[in-house]
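These notes are about the structure you will find just below.
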2 protein chains.
Amino acid sequence: MRLLEEKIEKDGEIIGGCVLKVDSFLNHQLDINLFNEMGKEFKRLFEKENITKIFTIETSGIAIASLAALHFGVPVLFAKKHAGSNMDANCYEASVYSYTKNRSYTIRTSKRFLSKDDRVLIIDDFLASGSAVKGLIQIVRDAGAHVAGVGIAIEKGFESGRKAVEDLGIRVESLAIIDSMGENSIKFR
Amino acid sequence: MRLLEEKIEKDGEIIGGCVLKVDSFLNHQLDINLFNEMGKEFKRLFEKENITKIFTIETSGIAIASLAALHFGVPVLFAKKHAGSNMDANCYEASVYSYTKNRSYTIRTSKRFLSKDDRVLIIDDFLASGSAVKGLIQIVRDAGAHVAGVGIAIEKGFESGRKAVEDLGIRVESLAIIDSMGENSIKFR
């Protein structure tokens, strides 16, 4: 999606040659008009899938998933990293490994909000190793629901996430795929 | 806002007579069509304020703020409770006391995304003691920006949050105000 690539080129910062910082528009300050266009594109890509629910993970996925959900006319469900005192005890759980934090954590989703009849679109801001998305897929499958696809804002095409998800038989659509990054340059597929 | 009150009556759960659980539509599963209507109502209420930015706090405020921002045509900024490795060192900070968790925590916002010219609408899902909203107000004021108002989805009208915010000279608009709750009943203002 050219609009997103242009935004990354203009406002993304590459730190140490390997970390792409996009907090001015994607995960601290949020460019909602851009997210709305991204939502339209996800709708176009997955239009035929009869999506019933969009599933994401806190925190950065929530706003992107919410604007997409507006175009699909379905609810969002997000997996929690930080379970509050109000959280249902009756949860699906999965373990996710964070390479930036160098540790595993548990994500949780109440069993009440996923059913066998759901056709779920998983949406997240980044795809790198695929660990978060694999955790979300595991939860959807534990619920007996169908993963209709995975929609990603920015994919690090030089990491293994896409292969890990496609090996599970699931379609991945990324709005921007980065093939390589250097100190001052970024190359899209 | 009658639509939100009806949703609370239909799908909210009152636990122990004092906790309102709304995770089926407001803070775990998210009713995006409802949020879109709430966003329109926030726009109507604050239309004359020339809002330049919507400011909220992770996690539950983000989706509500995002749908509102779509109607204002402005970005969302959210204060972080959990600073990742990518977070700017140069931050505004505030301390927030959580009554549900019975402890204080620090919220952070990069200094790059608030300026003296900003006219900020603060949006959050709940107003009870007002501690989170007061932390957000402090950050906006530390940046020299103007707090144009506070928009809340559900206010617990029997707690002190509204008074705390109004005493700072700030307008509060809540889409549903609960005057009292019992085991099986809820009374709106």
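If B:Ala65 satisfies all but one of (1) more than 7 Å from every other protein chain (Cβ to nearest Cβ); (2) free of Cβ contacts under 8 Å to residues at least 40 places away in the same chain; (3) of a type outside the set (Asp, Glu), what's the number of the condition it fails? All conditions pass for B:Ala65, except number (2).
Does A:Ile139 meet the test of being modelled with pLDDT of 95 or more, under 25 Å from B:Leu34 (Cβ atoms) and within 9 Å of chain B (Cβ to nearest Cβ)? Give the derivation first.
Numbers: modelled with pLDDT of 95 or more: yes; under 25 Å from B:Leu34 (Cβ atoms): yes; within 9 Å of chain B (Cβ to nearest Cβ): no.
Against the criterion (modelled with pLDDT of 95 or more, under 25 Å from B:Leu34 (Cβ atoms) and within 9 Å of chain B (Cβ to nearest Cβ)), A:Ile139 does not qualify.
Within the stretch B:151-180, restricting attention to residues that are surrounded by 14 or more Cβ atoms within 10 Å (Cβ to Cβ) and of a type in the set (Lys, Arg), the residue that is farthest from B:Leu136 (Cα to Cα) is B:Lys156. When residues of the stretch B:45-57 are filtered for being of a type in the set (A, V, I, L, M, F, W, C) and within 12 Å of another protein chain (Cβ to nearest Cβ), how many remain? So the count comes out to 3.
For every residue, the table says whether it meets (1) of a type in the set (S, T, N, Q); (2) farther than 28 Å from B:Tyr99 by Cα; (3) more than 7 Å from chain B (Cβ to nearest Cβ).
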{"position": "A:Lys43", "(1), (2), (3)": "no, yes, yes"}
{"position": "A:Thr59", "(1), (2), (3)": "yes, no, no"}
{"position": "A:His71", "(1), (2), (3)": "no, yes, yes"}
{"position": "A:Ala83", "(1), (2), (3)": "no, no, yes"}
{"position": "A:Asn90", "(1), (2), (3)": "yes, no, yes"}
{"position": "A:Glu93", "(1), (2), (3)": "no, no, yes"}
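Just one of the listed residues (A:Glu93, A:Glu47) is surrounded by fewer than 18 Cβ atoms within 10 Å (Cβ to Cβ), under 18 Å from the mean Cα position of the chain (by Cα) and within 30 Å of B:Cys18 (Cα to Cα), namely A:Glu93. Between B:Ala79, B:Ala132, the distinction of being of a type in the set (Gly, Ala, Ser), crowded, with 18+ Cβ neighbours inside 10 Å and not in a strand (DSSP E or B) belongs to B:Ala132 only. If a residue has to be more than 28 Å from B:Gly39 (Cα to Cα) and in a strand (DSSP E or B) to count, how many in the stretch B:82-94 make the cut? Qualifying residue count for the region: 1.
Screening B:Thr109 with (1) outside any strand (DSSP E or B); (2) at the interface with chain A (Cβ under 9 Å from one of its Cβ atoms) gives one miss only, at (1). Against the conditions (1) crowded, with 16+ Cβ neighbours inside 10 Å; (2) in contact with a Ser or Thr (Cβ under 8 Å, 6 or more places away or on another chain), A:Thr52 satisfies every one except (2). With respect to the conditions (1) assigned to a helix (DSSP H, G or I); (2) within 13 Å of chain A (Cβ to nearest Cβ); (3) surrounded by 20 or more Cβ atoms within 10 Å (Cβ to Cβ), B:Ile123 falls short on a single one, namely (1).
In the set B:Asp11, B:Asp31, B:Asp23, which member is farther than 21 Å from B:Gly151 by Cα and either surrounded by fewer than 18 Cβ atoms within 10 Å (Cβ to Cβ) or within 11 Å of another protein chain (Cβ to nearest Cβ) (or both)? Quick ask: steps written out before the conclusion?
Details: B:Asp31 fails: farther than 21 Å from B:Gly151 by Cα; B:Asp23 fails: farther than 21 Å from B:Gly151 by Cα.
Of the residues listed, the single one that is farther than 21 Å from B:Gly151 by Cα and either surrounded by fewer than 18 Cβ atoms within 10 Å (Cβ to Cβ) or within 11 Å of another protein chain (Cβ to nearest Cβ) (or both) is B:Asp11.
The values are calculated or read from the model by the stated rules, or taken from the named source; none is laboratory data. What you see is a predicted model, and the numbers here were worked out from it, not measured in a lab. Using ideal geometry, Cβ is built from the backbone for each residue, glycine included, and neighbour counts are taken over all protein chains shown.
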